[in-house]
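Asks: This is the structure I have questions about; it appears just below.
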Amino acid sequence: MSDEQQAAERQTGELPADETSIDEPQGSEPGRGEAPVDLGQLKRVLEAILLAAGRPLGLDQLLALFADEERPDRGDLRSALEALADEYAGRGIQLAEVGSGYRIQIRQEMQPWVSRLWEEKPARYSRALLETLALIAYRQPITRGDIEDVRGVTVSTSIMKTLLEREWIRVVGHREVPGRPAMYGTTKQFLDYFSLKNLDELPTLAELRDLGSFNPELQLDLPDSVVDSRLTPANDEPDAPLHAQEESATIDESAEDASASLH
């Protein structure tokens with residue numbers, strides 16, 4: 001094509017079929033930048049959600065509460081949660097990451113004052129139950145027979161029933177030996193209750209002089225019960241089975257009724 005023809009086509013605004021303008025991209029529109037995330041607003045939203053939930057929420061559960069067009073990515077969500085945790089530093093509440101996710105909770109040192117809001121005293125658990133729970137936490141998966149071998153006493157049915165009802169432990173499998181005894185392990189509810197993110201946050205047995213790490217939660221006053229890495233028995237006698245406890249209670253009630261009738 002001659003120079004005169006090219007000049008004429010430029011004047012008419014037309015280009016040859018085999019030539020394209022480098023100024024206009026083919027097959028796409030100019031890209032539009034995404035609006036930056038409002039970290040302050042995201043923190044406020046997360047704070048409101050966690051306060052209203054009253055239970056731990058994981059990242060997927062939090063993301064599901066946002067509409068598609070406003071949903072932040074996981075990185076922004078984590079950044080907002082970290083910023084919110086920093087804001088709570090030095091205050092009476094904290095943002096904690098536990099087994100089931102994130103939750104807003106009071107700090108442990110505030111417990112003496114906050115507990116006075118309720119007239120009911122916190123549940124108190126026996127030393128035998130606490131030792132059983134500690135063995136499951138540290139040596140899982142573990143069978144009931146293993147626990148009895150370490151403690152040197154039988155484990156009462158009522159203890160296992162209580163731990164299962166509280167959903168602190170669960171059956172994680174069965175050992176392939178005659179009788180196929182159940183093997184127990186801890187649950188996310190156990191981690192949540194003790195404000196643990198995972199089992200790696202449990203104190204080592206060397207640090208755990210007397211199961212004292214559980215005392216603030218269970219309101220127990222326990223003597224030393226960890227020697228090296230072995231838990232000593234709570235007493236020299238087997239834990240009383242549940243039916244024996246009920247029978248004892250019935251006898252005590254009968255004695256009280258007889259005493260009352262004499263007076």
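Asks: Among the candidates Leu135, Leu95, Leu163, which residue alone is under 25 Å from Thr187 (Cα atoms) and outside any helix (DSSP H, G or I)?
Replies: Of the residues listed, the single one that is under 25 Å from Thr187 (Cα atoms) and outside any helix (DSSP H, G or I) is Leu95.
Asks: Oh, and also: Can you name the number of the only condition in (1) within 20 Å of the chain's Cα centre (by Cα); (2) surrounded by 15 or more Cβ atoms within 10 Å (Cβ to Cβ) that Leu51 fails?
Replies: (2)
Asks: Before we move on, is Met183 surrounded by 14 or more Cβ atoms within 10 Å (Cβ to Cβ), in contact (Cβ under 8 Å) with a residue 12 or more places away in the chain and assigned by TED's automatic domain parsing to the domain that holds Leu57?
Replies: So Met183 fails the test.
Asks: Of the conditions (1) surrounded by 15 or more Cβ atoms within 10 Å (Cβ to Cβ); (2) modelled with pLDDT of 90 or more, Val226 satisfies every one except a single condition; which number is it?
Replies: Single failed check for Val226: (2).
Asks: Can you pull out the residues in segment 127-156 that are touching a Pro at 6+ places or on another chain (Cβ under 6 Å) and β-branched (Val, Ile, Thr)?
Replies: Result: Thr143, Val153, Thr154.
Asks: Here's another thing I want to ask about it. For segment 47-63, give me the residue count where each residue is touching a residue at least 40 places away in the same chain (Cβ under 8 Å) and touching a helix residue (DSSP H, G or I) at 6+ places or on another chain (Cβ under 7 Å).
Replies: Residues meeting the conditions: 5.
Asks: Can you say whether Val171 is among the aliphatic types (A, V, I, L, M), assigned to a loop (DSSP other than H, G, I, E, B) and at pLDDT 65 or above, as far as the supplied structure shows?
Replies: No; evaluated as a whole, the condition is false for this residue.
Asks: Would you say Arg44 is without any contact (Cβ under 8 Å) to a residue 12 or more places away in the chain, basic (Lys, Arg) and not in a loop (DSSP other than H, G, I, E, B)?
Replies: yes
Asks: While we're here: Name the one entry in Arg139, Arg103, Arg144 that is surrounded by 13 or more Cβ atoms within 10 Å (Cβ to Cβ) and not assigned by TED's automatic domain parsing to the domain that holds Gly185.
Replies: None of the other options fit; the residue is Arg103.
The values are calculated or read from the model by the stated rules, or taken from the named source; none is laboratory data. This is a predicted model, so every value here is computed, not measured. Every residue, glycine as well, gets a Cβ built from its backbone with ideal geometry; the counts of neighbours run over all protein chains shown.
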